[in-house]
Amino acid sequence: MINWLLINLIAKEKTMNFIDISEDMKDEYNSVVNHPLQSYEWGEFRKKTGIKVVRRGLIQNGKLVDGFTMTLHKIPRTKYYIGYLPKGNNPTQELIEELMRIGREENCIFIQLEPNIRKENWKLEIGNWKFRLRDAAHPLFTKYTFLLDLTKSEQELLAAMHPKTRYNLRVAEKHKVKIVEDDSQKSFERYLKLMMETTNRQRFYAHTPSYHKNMFEILPKKADPNSLSYHLLNASYDGKTLTSWVVFVFKDTIYYPYGASSRENREVMANNLIAWEAIKFGKKLGLKYFDMWGALGPEPDKNDAWYGFHRFKEGYGAELVEFVGSYDLVVKPALYELYKVVDKLRWGLLRLKSKLQ
């Protein structure tokens, strides 16, 4: 049970106060955050990967009104850390003050913020702290995503798709590609094998097998309006799994963060059908939105490595949504300037190395 007596005592001493979030406050905490990466369950998963997690809630007049989960990442061969707060709520003066306090306490050079706020709804009210907030030196999350309205009928959703996408769905159905939800250990092992095959083939950065294994083991598999849940969708043809998707369900939205596919039988368009079945899966659960977890901007570069993914998602007729972007909350200004120089050199060397391979 939540110790509301203690919370009320705290509230009497101070109208607004941040407290640590315990497990018995999980549901209340999840009710005030708005993205899987801020959920209580995601914080538990990140702890399992060995990352330090700070999870706080803001109490106002005895009620939990806001919260955040931040991870702390040690800079190799130094005593310093970087804080990361992805997809949080709109920054307020109270939040910035709390983050600065934690940043100093944890020896952070800066804390990267990526608010889950659409650009048109951006209101930054942080008082005198604006001088500490800079455009991120190295953003991690894309500013854009495709968001599909699941309250529309299947007929309306199909009509809004690109004709080529609808055609590919018919091709997959003609070949009798089967899509099933399977959250078993065996299904996860197939997904992991496909994930390794996909990343090796496309040569892009990916999380380690242990990262995915911890995620599979920690996150709940049953959809629940009060928690984050993890689901595996598999597309099979002729007895072989061709495509596997991990989808998250949190509150009223289904998300597509991870996917893997085989080189085999691309002509049967399994990727297109699994996306359509993910949409129907979300509708069956009574969800309102499908967040496709990232996109390029309104005028994508055809030479961009992610252009193919962007075009694939665009084919489903979703709205291209722009978020406010990434910001660095600078805790140690001099070290931050030095860090930017070193980080730029590091990424330049990594790009050169990839070209020489």
Against the rule of thumb 2.2 N^0.38 Å, how large the Cα Rg of the chain comes out: 1.05
Where nothing but the Cβ of Lys and Arg (+1) and of Asp and Glu (-1) is charged, how large is the charge dipole of the range 182-295 around its Cα centre, in debye to the nearest 20? 60
For the chain, dividing by residue count, accessible area per residue (probe 1.4 Å) in Å² works out to 53
Of all DSSP beta bridges in the chain, antiparallel share, percent nearest 5: 85
Sort the range 198-304 into rounded, prolate or oblate with this rule: let a ≥ b ≥ c be the square roots of the eigenvalues of the Cα gyration tensor; rounded if a/c is under 1.5, and if a/c is not under 1.5, prolate when a/b is larger than b/c, oblate otherwise. rounded
Residue pairs, from the table K52/K130; K87/K221; K48/K280; K79/K119, whose Cα atoms sit over 30 Å apart: K48/K280; K79/K119
For the chain, what are the DSSP H helices with axial Cα length of 27 Å or more and mean Kyte-Doolittle hydropathy of at least -1.0? 333-356
Relative contact order (percent, whole number), the chain, Cα cutoff 8 Å, 6+ residue spacing: 21
Hey, how many Å between the Cα centroid of the range 123-187 and the Cα centroid of the range 253-315? 6
Accessible area of the range 231-323 belonging to carbon and sulfur atoms, whole % at 1.4 Å probe: 45
For the range 1-144, the accessible surface attributable to carbon and sulfur atoms (probe 1.4 angstrom, ligands and nucleic acids excluded) amounts in percent to 50
Which of the aspartates and glutamates could a cross-linker bridge to K251, judged by Cα under 14 Å and excluding same-chain residues fewer than eight apart? D27, E28, E41, D224, D291
Applied in sequence order to the range 107-118, the curve 6.51 cos²θ - 1.76 cosθ + 1.60 (Karplus, θ = phi - 60°) yields integer Hz couplings, x standing for Gly and Pro, of 6, 7, 6, 7, 10, 8, 10, 10, x, 7, 10, 5
For I274, I19, write out the residues from largest to smallest accessible area, computed with a 1.4 angstrom probe and no ligands counted. I19, I274
Explain nothing, just the number: dipole magnitude of the chain about its Cα centre with +1 on each Lys and Arg Cβ and -1 on each Asp and Glu Cβ, in debye rounded to the nearest 20. 1180
In 10 Å bins starting at zero, report the fraction of Cα pairs in the range 104-156 per bin as a rounded %. 15, 37, 26, 13, 7, 1
Highest GNM mean-square fluctuation among F18, F248, F290, for the chain with Cα springs under 10 Å, belongs to F18
Let me know the charge dipole size of the range 41-116 about its Cα centre in debye, to the nearest 20, where only the beta-carbon of Lys, Arg (+1) and Asp, Glu (-1) is charged. 420
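The values are calculated or read from the model by the stated rules, or taken from the named source; none is laboratory data. If you're wondering where the values come from, they're calculated on a predicted model, not measured in any experiment. Please note: Cβ atoms are built from the backbone with ideal geometry, for glycine as well, and neighbour counts cover all protein chains shown. For the accessible areas, the whole protein counts, side chains as well, though only heavy atoms, and no ligand, DNA or RNA atoms are used. Shrake-Rupley method; radii C 1.70, N 1.55, O 1.52, S 1.80 Å.
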